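Structure provided below as C-alpha cells; questions to follow.
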Amino acid sequence: MTRLGLVVAAWALMSCGDARNDGIGGQVTGLLLGSDAEAPARQSLNVTEEDLLGNPGTYMRVNIRDRNRWETMVRAGSNGARTTWIDGENITVTEENGIVVATRGLPRDMMGAEATGTWNAIRAGGGTVQRQVDFLDDQDQILARVLQCRIVSEGSDPVTRLQRTYPASRFKEECSGEGLSLSNIYWLNPSGRMIRSLQAVSPDAGYLQIDVF
Amino acid sequence: MKRAVFLASSAMTLVLGTGGFAQDVPPTYSLYGTPGLLEMPVATTAEEGTLAGTLSYRDGLFQTVLNYQLTDRLSGTMRYSIVDLYNDLETSVIENELERGFDLKYQLVEEGTYAPAIAVGLRDFLTPGRFQSEYIVATKSFGDSLTVTGGIGWGEMGTEGGFDNPISSRADRPVFDEADPDGQLGSDYWFTGDAAFFGGLEYQINDRWGVLAEYSSIAYDPAPNAPAVSADSPYSFGVTYRPRDAVQLSFAALNGQELAISGSFFLNANNRPSLSGFEAAPVPINARSASARQATTWDRNATPEAALRSALTATLAIEGLTLTGMEMTDRTARVRFINTRYRSNAQAMGRAARMMTQVMPGAIEVFVLEAEAQGIGLSAVTVNRSDLEALENRPSATATLFANTAFAAAGDDVGLTSARDADAALFLWGVSPYLTFDPSGGDGDLSVDAGLRLDASYQFSPQLILSGAVLQSALRFNAEDPDPDSTPDLQNVRSDRGFYGDDGVPVLESLALAHFGRPGGDIYSRVSVGYLERMFGGISTELLWKPVDSRFGLGAEMNYVAQRDSDMGFGFDEYEYETATGHLSAYYDFGNGYHTQVDLGRYLAGDWGATLRFDREYDNGVRVGAYVSQTDTAHEDFGDGSYNKGIVIAIPQDFLTGQPNRDTYGTTLRTRTGDGGARLNVDGRLYGVVRDAHQADLSDTWGRFWR
C-alpha cells in the first residue's frame, strides 16, 4: 500500500465515525486488538449524484478555481464547531458554519482564521467585522493579515445544482488589509445553513467554490 | 452549464501588494555576472537574497560567476575565469589560464525621485587580480524603461581614456610582483593610478526584451600578465532577452569587433519556487470530549502500552517518522522518533503530535516529543494536548503554541521502552552516480571526475554504525598531474589529492566505525575510527556542549591520523606521515539568519591557526556561507592561495520541489586549496547533527508545526 493510500484510508476511516469523528479510533482499535496494521484499501471518492443528494451533511464538493477541477470531500474530523474535510488528493478544508478557516495541501495554505464575526454579521443581515487570517510564507513564517470586512445582503439568489434549484439568499463579504483585498460570496438556505460559497484562500491558492450537500 | 455561468459571473479580486509574496524581476546582469551593463557595473542592486549564476563568453575570456545579494545594499561575487593572459614579458599569450576572483559592491545611496542610486565597488579585489578594478557608479531610471549609468573607475576600469587620479595621494598604481603571494587583499592597489569615466544606457522594450549601449573604460591594453582580450573601441551594444523571469540571455557586440553571449540564472532565497510546499495535509487533531479530558489515568488493561506503541508506530510511519521509544505515565506520553521525511523538525513534531491525539488515551494531557539522530535523543519538546485542541486552525496559533511549549534536553534513555523494529534491516547499501568538479587544483587546473559509488552501512546498535563507500571512476579529466611540490616545507596533505584514486580501479573512499553518544545532559560525543576520508585514516574524537535552549555551542575535536596511500586502498606506507590535529570550536546563532563558527587549533600539516566561518541561513533552509582559514604557515609555504577560503551554498530539495525531503543540494566553491589550513573531512560532526532539533532552529521553522 502506498503512503497516499494509507493516508486516505486513515481519513476514510475517520470519516466513517460518529458525530465526534474519532473514526481513526477504529483503525487504532484494530491495532490494539492485535490485528494487522495494514490499512484497508483506498476508498474512492467518486461519489454518485444520488449519494450526494441522499446523505445531507456527508459530502462537500469543492472547485479549486486555480486548478479548475471539482473534488468531492468527506469529513476527516471535527474540533468544536469546526469540521475538516478531505479530498482524494489529501487536500483538506476546514470550515466553521461554512466559512473557510483553514486549508492544508494547497500551494499557499490558509493556516488559521476567525469566522465568528462574519457568521454573526450574516445572521444579522449584514455588518462590519475585523478578521485575522494567517498564511505560511516562503520562509516558513506566519504572515498574519488583519482584514476589515463588510458583509452585505444581496437578496434572494436561488442556487441550482445537479438539476435542482434551491431557494437561497446571497451575502457578499468584502475585505481589505495590508496588501490584500478579497471578496467572498455566501448562499444560505431559508433555514440559515450555508449551501454554497465562493471563498478566497490566499493569493497563490486562489478561490474555492464550495457546495455543501 | 449552470456551473460555468456561475463561475464566469463571479468577479473576484484578490490582490496582494508588497510584503510577503512580492517577487521582483532582477536587474540586468553583465558579462562579469553582476548587475550591470555589458562589462561595466551599475548602481542598481538585486533584491535581497538573490543568487545569480552567470556563464559568459567572449573571445579569450570565459567566466562562471556567482553573485549574491547579502543585504539590501551589500553584494558579493565569486568568479572563475578561463582567460588568455599575456606572459611575463608580453611576448606571447598563455591560453586558458584559470583565475579566481571576488567582488564586493555596496550601495551608498538608494535611488530617489531626483537623485540617482550611488554604489561603490571592488572587482577582483584579491591579488593578483587580473581584472582588478574599483569604481563609484551612479544609476538613475527615467520612467519604467530607461536607465542611465555613469561612473568613474580605477585599475582595469581606468585604462580607457584615463586621466590623473583625482585622489592625488594615490597617483601611481603599483605593479603586482608575480613572486608575491596571491590571494591577498590588494588594498595597496585600490583606487590608485589613472581613473576613467564609463557609462551607458539601458532601455527595456518590454518584459522580455531590452537593449543596452555602453561606453567602457576597460581598454584591455597589452601588459605583462594582463588578459589578452582585444578591444578596438570603447563602445559596445547588446540585447537582453528573458524567456522566463529567472533567466536572462544576452547577446552583445563588444568594442566594435567582438561578439559575446551570456546566460544568467536567478534564484531568490526569499521566494521559494514551491511556495509553502505541496505535501499532503496532516491528520486533523482528534479533540477529546470534556469527560475524556477530565480523566486522570487510563485503563492499562483495556489499552495496554504495547498496543499503544504498536498503534503509534503504524500511524507515525504514515508520516515518515520512525518511533524508537516510548514512555507513558498517567498523564504524559514521551515519544522518541526519527524524522526521515521533513526538513523542518518542527513540522515533524506537529505531525507526530497530531497522530498522538488519534492514538493516546484521553488522560494523556502532555506530549513530550524527542527527535533522534544517530541513536541519540536531541531535545525534548513538551506540548499540552489541550493547547493543540484549542489552537488548531486558529489565528496566531503558531506563536501561542510556541510560547506555551517547553524546550529542554532529551530525557534519559532509561525509562523509554524500545519501539525499534527487531526485523528492521541493519545492513543498508545503495549505488548512485557521482560527479565531482574540482576547480582548485594546485596549479589552477580543472579536474572533473564522474562514476559510480557504492555506499553501505551496518548498524551494530543505534549509536554504533559502520559505514563506507567504494568509488569507481568512469570518466576522469585531470588537465595534468599536479605540479612538483611547490611547498616542500609542508606535508602535501591536500596538494597531492590529484594523485589520489586516479588509477581507474575501484577505490575505498571511506570505511569507518562511528559511535555517537550523549554522556551528559547537554554534552554529545562522537568517536570515528577507520579510513575517515580520501586522504587520511585514523581516529577522530569529538565532544560538543550545546544546551537545547542556547544559541551558543562549544566543541572540541581531537584526531590522530595517518596519510593514506594514493591508490586509496588499505595502506598507509606511501607517505609515512602521521599527525595529531584538532580544534576547539565555538558556534553562535546570532538570530535573523546569521550564524558563525570559529575553529582554533592544529591543522593537518601541523600548522596552528584559526578558521572563521560566517553563514547566512534562510529559515527555508537555503544557506550561503563563506569561510577563511589563516595559520602560522608562511605565505610562501602555504601553496597557492595564501590561505584557504571558500563559499558554501546549500539549497534544500524541498525548496525546489515542494515535496517533503531532508536532502540538500550543496556545494563548496573553494579557491585554491593549499596544504596550510587544511582540516580533516570527517563525517558526522556533532553540531550539524544536533542543532536542527534545538530551540533556535525549531523556532526558525515553527510555522510548519501546524502544516
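Tell me, which longest segment in chain B has none of the GluC sites (Glu not before Pro) that fall in DSSP loops with at most 11 further Cβ atoms within 10 Å?
Counting only loop sites that pass the neighbour cut-off, the longest clear stretch is B:179-479.
Output the peptides B:168-174, B:28-34, A:158-164, B:49-55 sorted from most to least packed, where packing is the average of other Cβ atoms within 10 Å over each peptide's residues.
Highest-to-lowest ranking by the protection proxy: B:28-34, B:49-55, A:158-164, B:168-174.
To continue, here is another question. Just checking the output field for B:386-394: average partner chain Cβ neighbours within 10 Å of each residue's Cβ?
The per-residue average across the peptide is 5.
Another question, then. Assuming R0 = 25 Å, can you tell me the calculated FRET efficiency for the pair B:ASP177 and B:ASP221, based on Cβ-Cβ distance, to the nearest 0.05?
Using R0 = 25 Å, I get an efficiency of 0.80.
In degrees from 0 to 90, rounded to the nearest 10, what is the angle of the helix B:305-318 Cα long axis to the longest principal axis of chain B?
Helix B:305-318 and the main axis of chain B meet at about 30 degrees.
Using the alpha-carbon atoms, what tilt in degrees (0 to 90, nearest 10) does helix B:345-359 show relative to the longest principal axis of chain B?
It works out to around 20 degrees.
Could you give the length gained on full extension between B:PHE62 and B:ASP413, defined as 0.36 nm per residue of separation minus the Cα-Cα distance, in nm?
120.6 nm
Could you give the length gained by full extension between B:TYR560 and B:THR668, i.e. 0.36 nm per residue of separation minus their alpha carbon distance, to one decimal place?
36.3 nm is the gain from fully extending B:TYR560 to B:THR668.
Please give the length that would be gained between B:PHE251 and B:TYR594 if that part of the chain were fully extended, namely 0.36 nm times their separation in residues minus their C-alpha to C-alpha distance (nm, one decimal).
Contour length minus the Cα-Cα distance gives 119.7 nm.
Additional query: Treat each spin label as a single point 7 Å out from the Cα along the C-beta direction, and report the B:PHE460 to B:GLU576 distance in nm.
It works out to 3.3 nm between the two label points.
Given B:ILE539, B:ALA287, B:ILE318, which one lies farthest toward the positive end of the charge dipole of chain B, if we put +1 on the Cβ of every Lys and Arg and -1 on the Cβ of every Asp and Glu?
Looking along the dipole axis, the top candidate is B:ALA287.
Note down the relative contact order for chain B as a percent, whole number, built from C-alpha pairs under 8 angstrom at least six residues apart.
Relative contact order, chain B: 9 percent.
May I pose another question? What ranking do A:ASP109, B:ASP565, B:ASP489 get, fewest neighbouring Cβ atoms within 10 angstrom at the top?
B:ASP489, B:ASP565, A:ASP109
Note down the nm distance, to one decimal, between modelled labels 7 Å out along Cα→Cβ at B:ALA422 and at B:GLN472.
Label at B:ALA422, label at B:GLN472, 3.9 nm between them.
Any idea which of B:VAL120, B:LEU426, B:PRO234 is furthest toward the positive side of the dipole for the protein assembly as shown, if Lys and Arg beta-carbons carry +1 and Asp and Glu beta-carbons -1?
B:LEU426
Gap in Å between the Cα centre of the range A:83-161 and the Cα centre of the range B:339-360?
Going from one Cα centre to the other spans 25 Å.
Still on this structure, please answer the following. For a test of the definition: using alpha carbon positions, the gyration tensor, and the 1.5 limit on a/c, classify the range A:58-177 as rounded, prolate or oblate.
Cα axes put the range A:58-177 in the oblate bin.
Counting other C-beta atoms within 10 Å, which of B:TRP545, B:TRP209 has the fewest, and how do the rest follow?
B:TRP209, B:TRP545
Rounded if a/c is under 1.5, else prolate if a/b beats b/c, else oblate: with a ≥ b ≥ c from the C-alpha gyration tensor eigenvalues square-rooted, which is the protein assembly as shown?
oblate
Quick one: order B:PHE477, B:PHE337, B:PHE131 by neighbouring beta-carbon count within 10 Å, fewest to most.
Taking fewest neighbouring Cβ atoms as first place, the list is B:PHE477, B:PHE131, B:PHE337.
To the nearest 0.05, what FRET efficiency results for B:THR436 and B:ARG244 with a Förster distance of 22 Å applied to their C-beta separation?
The computed FRET efficiency comes out at 0.15.
Sticking with this one: Using a simple spin-label model with points 7 Å from Cα along the Cα→Cβ vector, what separation in nm is obtained for A:GLU154 and A:ASN46?
Between A:GLU154 and A:ASN46, the simple spin-label model gives 3.5 nm.
Here's something else I'd like to know. Can you tell me the dipole magnitude for the protein assembly as shown around its Cα centre, using point charges on the Cβ only (Lys, Arg +1; Asp, Glu -1), in Debye to the nearest 20?
About 5860 debye.
By per-residue mean of other Cβ atoms within 10 Å, what is the highest-first order of B:217-225, A:51-59?
Per-residue Cβ counts within 10 Å, averaged per peptide and sorted highest first, yield B:217-225, A:51-59.
Every number here is computed from the coordinates shown, using simple stated rules; none is lab data. For clarity, every value in this text was computed on a predicted model and none was experimentally measured. Quick reminder, even Gly has a Cβ in these numbers, built from the backbone with ideal geometry, and neighbours come from all protein chains shown.
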